[in-house]
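Trainee: Shown below is the structure under consideration.
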Amino acid sequence: MADTDDSSDAPRIYVACLHCYNSGRLHGAWFEVRADPDELHREVLGYFAAGCNDRQFDQECDACLAQASRFPCGGEELAVHDHEGLGSVGECYDLPRFCEIAGLLEEFPDLPVVAYLADLDHDLERAREGLRDDYRGAWRSVAEWAESWAEDADLSAAQLWPYVDWERYARDLQLGGDVSTLEVDGVVHVFWR
(Lines give C-alpha, C1' and ligand atoms only; values in the text may rest on other atoms or scores of the structure.)
Protein backbone atom coordinates (compact mmCIF):
# COMPACT_ATOMS: atom_id res chain seq x y z
CA MET A 1 0.00 0.00 0.00
CA ALA A 2 1.21 3.51 -0.69
CA ASP A 3 2.19 5.97 2.02
CA THR A 4 -0.54 8.51 1.47
CA ASP A 5 -2.72 10.47 3.81
CA ASP A 6 -6.19 9.82 2.44
CA SER A 7 -8.29 10.72 5.46
CA SER A 8 -11.58 10.06 3.66
CA ASP A 9 -11.75 6.53 5.05
CA ALA A 10 -11.00 5.19 8.51
CA PRO A 11 -7.94 2.95 8.68
CA ARG A 12 -8.80 -0.72 8.38
CA ILE A 13 -7.17 -4.12 8.04
CA TYR A 14 -8.16 -7.37 6.35
CA VAL A 15 -7.36 -10.23 8.73
CA ALA A 16 -7.29 -13.78 7.41
CA CYS A 17 -6.86 -17.23 8.93
CA LEU A 18 -3.60 -18.67 7.57
CA HIS A 19 -4.76 -22.28 8.04
CA CYS A 20 -7.79 -21.63 5.86
CA TYR A 21 -5.71 -19.71 3.34
CA ASN A 22 -3.17 -22.55 3.10
CA SER A 23 -6.09 -24.99 2.67
CA GLY A 24 -7.37 -23.02 -0.33
CA ARG A 25 -10.17 -21.15 1.46
CA LEU A 26 -10.32 -17.42 2.02
CA HIS A 27 -11.61 -16.89 5.53
CA GLY A 28 -11.21 -13.33 6.71
CA ALA A 29 -12.84 -9.97 7.15
CA TRP A 30 -12.18 -6.23 7.15
CA PHE A 31 -11.91 -4.60 10.57
CA GLU A 32 -11.90 -0.87 11.27
CA VAL A 33 -8.82 0.11 13.28
CA ARG A 34 -9.46 2.41 16.20
CA ALA A 35 -7.22 3.51 19.06
CA ASP A 36 -8.03 0.57 21.42
CA PRO A 37 -6.11 -2.65 20.57
CA ASP A 38 -8.02 -4.74 23.14
CA GLU A 39 -11.35 -3.84 21.56
CA LEU A 40 -10.01 -4.67 18.09
CA HIS A 41 -8.57 -7.97 19.33
CA ARG A 42 -11.94 -8.96 20.85
CA GLU A 43 -13.66 -8.10 17.57
CA VAL A 44 -11.19 -10.19 15.54
CA LEU A 45 -11.39 -13.13 17.96
CA GLY A 46 -15.17 -12.90 17.87
CA TYR A 47 -15.15 -13.29 14.12
CA PHE A 48 -12.66 -16.16 13.94
CA ALA A 49 -13.79 -18.05 17.05
CA ALA A 50 -17.10 -18.76 15.37
CA GLY A 51 -15.37 -20.67 12.56
CA CYS A 52 -15.93 -20.63 8.86
CA ASN A 53 -19.67 -21.26 8.80
CA ASP A 54 -21.26 -20.50 12.16
CA ARG A 55 -20.81 -16.87 13.28
CA GLN A 56 -22.49 -17.18 16.73
CA PHE A 57 -20.17 -15.56 19.26
CA ASP A 58 -20.77 -13.17 22.13
CA GLN A 59 -17.81 -10.80 22.58
CA GLU A 60 -18.89 -10.01 26.15
CA CYS A 61 -19.22 -13.66 27.23
CA ASP A 62 -16.24 -15.04 29.19
CA ALA A 63 -17.03 -18.60 28.07
CA CYS A 64 -16.94 -17.56 24.41
CA LEU A 65 -13.66 -15.71 24.93
CA ALA A 66 -12.14 -18.74 26.68
CA GLN A 67 -12.84 -20.81 23.55
CA ALA A 68 -11.61 -18.09 21.20
CA SER A 69 -8.01 -19.29 21.20
CA ARG A 70 -9.07 -22.54 19.52
CA PHE A 71 -10.49 -21.57 16.17
CA PRO A 72 -13.07 -24.08 14.91
CA CYS A 73 -11.77 -23.54 11.38
CA GLY A 74 -8.56 -25.34 12.40
CA GLY A 75 -6.07 -22.51 12.50
CA GLU A 76 -4.79 -20.31 15.24
CA GLU A 77 -2.55 -18.10 13.16
CA LEU A 78 -3.84 -14.86 11.73
CA ALA A 79 -2.27 -12.50 9.21
CA VAL A 80 -3.09 -9.08 7.88
CA HIS A 81 -3.51 -9.65 4.14
CA ASP A 82 -4.44 -6.07 3.26
CA HIS A 83 -4.78 -2.68 4.88
CA GLU A 84 -5.94 0.83 4.09
CA GLY A 85 -5.02 4.16 5.61
CA LEU A 86 -2.07 2.89 7.67
CA GLY A 87 0.86 3.26 5.27
CA SER A 88 3.44 0.48 4.98
CA VAL A 89 2.69 -1.90 7.83
CA GLY A 90 3.25 -5.31 6.24
CA GLU A 91 1.32 -8.50 6.98
CA CYS A 92 2.29 -8.94 10.62
CA TYR A 93 -0.54 -9.26 13.11
CA ASP A 94 0.48 -6.25 15.22
CA LEU A 95 -2.80 -4.80 16.48
CA PRO A 96 -1.21 -2.47 19.07
CA ARG A 97 0.94 -0.85 16.37
CA PHE A 98 -2.03 -0.45 14.00
CA CYS A 99 -4.08 1.08 16.79
CA GLU A 100 -1.27 3.44 17.70
CA ILE A 101 -1.15 4.66 14.09
CA ALA A 102 -4.94 5.07 14.17
CA GLY A 103 -4.54 7.06 17.38
CA LEU A 104 -2.04 9.38 15.67
CA LEU A 105 -4.45 9.82 12.77
CA GLU A 106 -7.20 10.77 15.24
CA GLU A 107 -4.93 13.08 17.22
CA PHE A 108 -3.56 14.89 14.14
CA PRO A 109 -6.34 14.63 11.54
CA ASP A 110 -5.13 17.49 9.35
CA LEU A 111 -1.42 16.55 9.25
CA PRO A 112 0.43 14.12 6.96
CA VAL A 113 0.73 11.37 9.60
CA VAL A 114 1.27 8.36 7.32
CA ALA A 115 3.81 10.10 5.08
CA TYR A 116 5.66 11.49 8.13
CA LEU A 117 5.84 8.02 9.68
CA ALA A 118 7.39 6.69 6.47
CA ASP A 119 9.86 9.59 6.47
CA LEU A 120 10.89 8.62 10.04
CA ASP A 121 11.25 4.88 9.26
CA HIS A 122 7.95 4.20 11.06
CA ASP A 123 9.20 5.36 14.47
CA LEU A 124 5.88 6.08 16.20
CA GLU A 125 7.28 7.96 19.19
CA ARG A 126 9.44 10.27 17.06
CA ALA A 127 6.45 10.89 14.79
CA ARG A 128 4.20 11.79 17.72
CA GLU A 129 6.81 14.22 19.09
CA GLY A 130 7.46 15.77 15.67
CA LEU A 131 3.78 16.19 14.85
CA ARG A 132 3.10 17.70 18.25
CA ASP A 133 6.21 19.88 18.75
CA ASP A 134 7.95 20.52 15.42
CA TYR A 135 5.26 20.89 12.77
CA ARG A 136 5.24 24.41 11.29
CA GLY A 137 2.49 24.27 8.69
CA ALA A 138 1.82 23.55 5.04
CA TRP A 139 3.10 25.77 2.25
CA ARG A 140 3.23 25.84 -1.53
CA SER A 141 7.03 25.67 -1.34
CA VAL A 142 9.86 25.67 1.16
CA ALA A 143 10.84 29.12 -0.13
CA GLU A 144 7.40 30.48 0.79
CA TRP A 145 7.82 29.11 4.30
CA ALA A 146 11.38 30.52 4.60
CA GLU A 147 10.24 33.99 3.60
CA SER A 148 7.36 33.90 6.09
CA TRP A 149 9.62 32.62 8.86
CA ALA A 150 12.22 35.33 8.20
CA GLU A 151 9.52 38.00 8.37
CA ASP A 152 8.08 36.56 11.59
CA ALA A 153 11.58 36.31 13.12
CA ASP A 154 12.14 39.98 12.25
CA LEU A 155 15.59 39.29 10.77
CA SER A 156 17.58 42.37 9.85
CA ALA A 157 18.60 43.26 6.29
CA ALA A 158 22.23 42.38 7.14
CA GLN A 159 21.16 38.88 8.15
CA LEU A 160 19.08 38.46 5.00
CA TRP A 161 21.52 40.00 2.51
CA PRO A 162 23.13 36.71 1.41
CA TYR A 163 19.65 35.22 0.95
CA VAL A 164 17.92 37.43 -1.54
CA ASP A 165 16.84 34.24 -3.30
CA TRP A 166 14.27 32.55 -1.01
CA GLU A 167 14.77 29.19 -2.72
CA ARG A 168 18.46 29.37 -1.80
CA TYR A 169 17.64 30.49 1.74
CA ALA A 170 15.21 27.60 2.20
CA ARG A 171 17.74 25.15 0.73
CA ASP A 172 20.40 26.40 3.19
CA LEU A 173 18.00 25.95 6.12
CA GLN A 174 17.33 22.39 4.98
CA LEU A 175 20.99 21.55 4.31
CA GLY A 176 22.00 23.09 7.62
CA GLY A 177 19.67 20.70 9.40
CA ASP A 178 17.41 23.41 10.83
CA VAL A 179 14.26 22.12 9.13
CA SER A 180 13.01 19.04 7.36
CA THR A 181 10.29 19.03 4.76
CA LEU A 182 7.84 16.52 3.44
CA GLU A 183 5.88 16.97 0.23
CA VAL A 184 2.46 15.30 0.12
CA ASP A 185 0.02 15.89 -2.72
CA GLY A 186 1.83 19.02 -3.94
CA VAL A 187 1.93 20.65 -0.50
CA VAL A 188 5.17 21.12 1.46
CA HIS A 189 4.96 20.42 5.22
CA VAL A 190 7.74 21.94 7.33
CA PHE A 191 9.16 20.55 10.61
CA TRP A 192 11.82 22.05 12.88
CA ARG A 193 14.61 19.63 13.73
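Trainee: Is there any pair with a first residue in region 96-107 that is at negative phi and modelled with pLDDT under 95 and a second that is part of a helix (DSSP H, G or I) and not aliphatic (A, V, I, L, M) whose Cβ atoms are under 6 Å apart and which are 6 or more apart or on different chains, and what are they?
Mentor: Within 6 Å, the pairs are PRO96/PRO37; CYS99/PRO37.
Trainee: (1) closer than 30 Å to CYS17 by Cβ; (2) not basic (Lys, Arg); (3) not assigned by TED's automatic domain parsing to the domain that holds ASP38: which one isn't true of TYR169, the others all being true?
Mentor: (1)
Trainee: Return yes when LEU45 is at pLDDT 65 or above, buried (at least 17 other Cβ atoms within 10 Å of the Cβ), hydrophobic (A, V, I, L, M, F, W, C) and under 30 Å from HIS189 (Cα atoms) and no when it is not. Give the steps one after another, and end with the answer.
Mentor: Working: at pLDDT 65 or above: yes; buried (at least 17 other Cβ atoms within 10 Å of the Cβ): yes; hydrophobic (A, V, I, L, M, F, W, C): yes; under 30 Å from HIS189 (Cα atoms): no.
No.
Trainee: Return the pair list, or none, for Cβ contacts closer than 6 Å from residues in region 17-36 that are under 30 Å from GLU107 (Cβ atoms) to residues that are assigned to a loop (DSSP other than H, G, I, E, B), at least 6 apart or on different chains.
Mentor: GLU32/ALA10; VAL33/PRO11
Trainee: On to the next question. Which fully enclosed helices (runs of 4 or more DSSP H) of region 88-156 have 3 or more residues being under 15 Å from the mean Cα position of the chain (by Cα)?
Mentor: The helices (runs of 4 or more DSSP H) meeting that bar are 95-107, 113-119, 124-129.
Trainee: Using the structure shown, decide if LEU173 is in contact with a helix residue (DSSP H, G or I) (Cβ under 7 Å, 6 or more places away or on another chain), in a helix (DSSP H, G or I) and at negative phi. Lay out the reasoning, then the answer.
Mentor: On the way: in contact with a helix residue (DSSP H, G or I) (Cβ under 7 Å, 6 or more places away or on another chain): yes; in a helix (DSSP H, G or I): yes; at negative phi: yes.
Yes: the conditions hold for LEU173.
The values are calculated or read from the model by the stated rules, or taken from the named source; none is laboratory data. These figures come from a predicted structure and were not determined experimentally. Heads up, the Cβs are rebuilt from the backbone with ideal geometry, glycines too, and the neighbour counts pull from every protein chain shown.
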